[in-house]
Amino acid sequence: MDVFIFITNFLFTLLLGFYLITALQWFSYKFERVIFHFTKPLWHLFFLVVPILLYYALNYVNFIYFAVYFYIIFVPTLYFWHKKLDKKLVFTARVKRFFVILGLVTLFIDILLIKKVEILPIFLPLIISFLISFIFESFNSKLFIKSASKKLASMPNLIIIEITASYGKTSIKNFLYQILESEFKCYKTPRSVNTLMGLVKDINENLNTQTQIYIAEAGARKNGDIAEITQFLKPSIVIVGEIGEQHIEYFKSLENIRKTKLEALNSPNLKAAFVHSSTKKISDEKTQIYDENLSNITSNLDGIKFEMKLNSGDYEFETKLLGEFNASNLSACINVANYLKVDIKTIQNRVLNLKSVEHRLEKIEAGGKFIIDDSFNGNFEGMSKSYDLVKSFDGRKVVITPGIVEATKEINESLAKKIDEIFDLVIITGELNAEIFKRIIDENKFILVKDKRDLTQILGEKTKAGDLILFSNDAPSFI
């Protein structure tokens, strides 16, 4: 019986650790975010609080009762929960190290105490393991940062461009890279890598020492995040894009967001900064308000046309990219390219042939349906403009969205009203904002999809050739 108790306790501890490390990985290993900003608190109840309470309560009566609960209810439930996730645990080196630590600590404590107490302190190995893991990773991080800093120092001619914004920074990064890559040996951070340790890892593993321009995206969840990245990168060129209420629940106010993003201007190597008018920054010898020289913007489902003042002259630009807001994003890129002395005609040609960023107003045609994938656009301003873009479409308009994540109730209410005005069919994915949308949108065109795996079938049943289908924002199942 002792062996059975030992094995069950060991497995239970590992599975609790599995749930916790999965949640932590989603939120960049920040316990405060997992505790205070978790949108599915019932998961904590089902997979953490209740199991631990039952462990002590049932063990107090008879261990076999807990064993029945553990093997028949807890293990299968956790298995199917993880199987349904669209963002499963990635077994990175850090995660593997954590499980080694947790396994060894659990074995040590259980062997030490199994003959001395009736009920083993299940929380003790978890607390000790996370403490050891975080201390080790902190030490490891310092070594990685030192290595990346040394690599950057060995490249004195490298031009580092740091991009931050409430939204649009990934698009600006990708557009700027496409404009500059024909003139310079460029490298950009992959996907949405924008944290300090993400940048450190990218530099250590991927940055070629022959690179001339490194384009880096910088994100933030709290004051000081951009300052930390800026002091590490020491960029000579900074772009601060549009400021808005994205992640307002972390920053509490728009002014806090603005101050945090403008931390990028404190780079010790700063030579030029291009900032959006929403930063409320005044231009000076190093700082230019990049969207002030935009004019005559026209946008439709064929692309965008706009004019810009550059070098005291007026120039026309045209692109196949969708979305009026992309004119502003492009003006930042054009200003940087002009600062780097790229020929205006070359810039115009590159802008004309820009490829859309994946999942950002990306046009797709399938089965006679006109699909626009804007699933990486998660802010009110950008989403609203994408709705204005499709408003003139003659056929039936369908939108698929979870609403806006990490936004206020009022913002989602405004979004729901705009959606109700424009779209003929509204498919809401996930329950995060479902009640808000259900209350505002006409019930005859409202469909709630709780499990995104059912979406393909619903689209097959509810849409037809000639429809325009807009995928507007997306959210993983843990949101």
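The values are calculated or read from the model by the stated rules, or taken from the named source; none is laboratory data. Note that the structure is a prediction, hence the values are computed from the model and not measured. Heads up, the Cβs are rebuilt from the backbone with ideal geometry, glycines too, and the neighbour counts pull from every protein chain shown. These accessible areas exclude ligands, DNA and RNA; they are computed on the full protein's heavy atoms, side chains included. Shrake-Rupley method; radii C 1.70, N 1.55, O 1.52, S 1.80 Å.
Along the positive direction of the dipole of the chain (beta-carbon charges: Lys, Arg +1; Asp, Glu -1; about the Cα centre), which of Thr346, Ile257, Phe99 reaches farthest?
Phe99
On a 0 to 90° scale, report how tilted helix 93-113 is relative to the longest principal axis of the chain, with both axes built from alpha carbons and the result rounded to the nearest 10.
Rounded to the nearest ten degrees, it is 20.
At 1.4 Å probe size, what's the solvent-accessible area of Arg453? Round to the nearest 10 Å².
Surface open to solvent at Arg453 totals about 140 Å².
Pairs of Cα atoms under 8 Å, at least six residues apart: use those to get the relative contact order of the chain, whole percent.
Answer for the chain is 11 percent.
Using 0.36 nm per residue, how much length does the chain from Asp388 to Phe80 gain when fully extended, once their Cα-Cα distance is taken away?
Values: separation 308, 0.36 × 308 = 110.88 nm, distance 4.04 nm.
So the extension gain works out to 106.8 nm.
Kirkwood-based Rg over Rh for the range 1-139 (C-alpha set), two decimals? The partial results should precede the final answer.
Details: Rg = 15.1 Å, Rh = 15.8 Å.
Taking Rg over the Kirkwood Rh, I get 0.96.
Multiplying the sequence separation of Leu45 and Asp424 by 0.36 nm and subtracting their Cα-Cα distance, what value in nm do you get? Write down the numbers at each step before the final one.
Values: separation 379, 0.36 × 379 = 136.44 nm, distance 3.85 nm.
This chain segment gains 132.6 nm when fully extended.
Need one word for the range 362-472: rounded, prolate or oblate. Basis is the Cα gyration tensor (sqrt eigenvalues a ≥ b ≥ c); a/c below 1.5 gives rounded, then a/b vs b/c decides. Show your work: numbers first, answer last.
Details: a/c = 1.56, a/b = 1.29, b/c = 1.21.
Prolate is the answer for the range 362-472, as a/c is 1.5 or above and a/b outweighs b/c.
Let me check against my output: what whole-number percent is the relative contact order of the range 23-164, with C-alpha pairs under 8 Å and at least 6 apart? Don't jump to the answer; show the numbers that get you there.
On the way: 42 pairs, mean separation 23.9, N = 142.
The normalised contact order for the range 23-164 reaches 17 percent.
Remind me, relative contact order of the range 416-474 in percent, using alpha carbon pairs under 8 angstrom and six or more residues apart?
On the way: 44 pairs, mean separation 18.7, N = 59.
Relative contact order comes out at 32 percent.
Quickly estimate the mean residue ellipticity at 222 nm for the chain, helices only: each DSSP H run with n ≥ 4 gives -39500 (n - 2.57), and the total goes over all residues, rounded to 500. If you can, show how the numbers build up before the last one.
Values: 19 runs with 224 residues, N = 479.
Roughly -14500 deg cm²/dmol at 222 nm, from the helical runs in the chain.
Given the chain, what percent of its DSSP beta bridges are antiparallel, to the nearest 5?
Values: 17 of 53 bridges.
That works out to approximately 30 percent antiparallel.
Only four residue types carry charge here, +1 at the Cβ of Lys and Arg and -1 at the Cβ of Asp and Glu. Report the dipole size of the range 139-277 about the Cα centre in Debye, rounded to the nearest 20.
On the way: 18 positive and 13 negative charges, 78 e Å.
My answer is approximately 380 debye.
Calculate the length of the line joining the C-alpha centroid of the range 157-213 to that of the range 386-416, in whole Å.
Cα centres, the range 157-213 to the range 386-416: 31 Å.
At a Cα cut-off below 13 Å, give the aspartates and glutamates reachable from Lys185, other chains included and same-chain residues fewer than 8 away excluded.
Answer for Lys185, where 13 Å is the Cα cut-off: none of the aspartates and glutamates qualify.
How much net charge surrounds Val449 when only other residues with a Cβ under 11 Å from its Cβ are counted (Lys, Arg +1; Asp, Glu -1)?
Values: positive: Lys450, Lys452, Arg453, Lys462; negative: Glu431, Asp451, Asp454.
Charge balance in the 11 Å sphere: +1.
Can you work out the Karplus-derived ³J(HN,Hα) for every residue in the range 204-210? Use 6.51 cos²θ - 1.76 cosθ + 1.60 with θ = phi - 60°, whole Hz, and x for glycine or proline.
Using θ = phi - 60°, the values come out as 5, 9, 10, 6, 6, 5, 8 Hz.
Share of the chain's accessible area from carbon and sulfur, percent, 1.4 Å?
On the way: 13060 of 23100 Å².
In the chain, the share of accessible area belonging to carbon and sulfur is 57 percent.
Starting from the Cα gyration tensor of the chain, multiply each eigenvalue by 5, take the square root, and state the resulting semi-axes largest first in whole Å.
Working: eigenvalues 404, 193, 61 Å².
In descending order the semi-axes read 45, 31, 18 Å.
Note down the net charge around Ile215, summing +1 for each Lys or Arg and -1 for each Asp or Glu among other residues with Cβ under 15 Å from its Cβ.
Values: positive: Lys169, Lys173, Lys185, Lys188, Arg191, Lys234, Arg350; negative: Glu162, Glu181, Glu183, Asp202, Glu217.
With Lys, Arg at +1 and Asp, Glu at -1, the neighbours total +2.
Using 7 Å Cα-to-Cβ label points, what is the Phe123/Asn269 separation (nm, one decimal)?
The modelled label-to-label distance comes out at 4.8 nm.
Tally Lys and Arg at +1 and Asp and Glu at -1 over the other residues with C-beta under 13 Å from the C-beta of Ser386: what net charge comes out? Spell out each step's value before the answer.
Details: positive: Arg360, Lys363, Lys385, Lys391, Lys397, Lys418; negative: Glu324, Glu362, Asp373, Asp374, Glu381, Asp388.
Around Ser386, the surrounding residues sum to 0.
Set Lys and Arg Cβ to +1 and Asp and Glu Cβ to -1, take the dipole of the chain about its Cα centre, and tell me which of Asn223, Ile203, Phe274 lies farthest positive.
So the residue furthest toward the plus end is Ile203.
About its Cα centre, what dipole magnitude does the chain give when the only charges are +1 on Lys and Arg Cβ and -1 on Asp and Glu Cβ, stated in debye to the nearest 20?
1320 debye
Where the only charges are on Cβ atoms (+1 Lys, Arg; -1 Asp, Glu), what is the dipole of the range 1-139 about its Cα centre, to the nearest 20 debye?
Working: 12 positive and 6 negative charges, 98 e Å.
Dipole size: approximately 460 debye.
Test of understanding: extend the Cα→C-beta vector of Leu14 to 7 Å, then name every residue of the range 34-51 with backbone N under 19 Å from that spot.
Residues passing the 19 Å test: 48.
With every protein chain left in place, what is the accessible area per residue of the range 155-353 in square angstrom, probe 1.4 Å? Can you show the working numbers first?
Numbers: 8530 Å² over 199 residues.
With all protein chains present, the range 155-353 gives 43 Å² per residue.
Quickly work out the Phe91-to-Leu352 label distance, labels modelled 7 Å from Cα along the C-beta direction, and quote it in nm with one decimal.
5.2 nm
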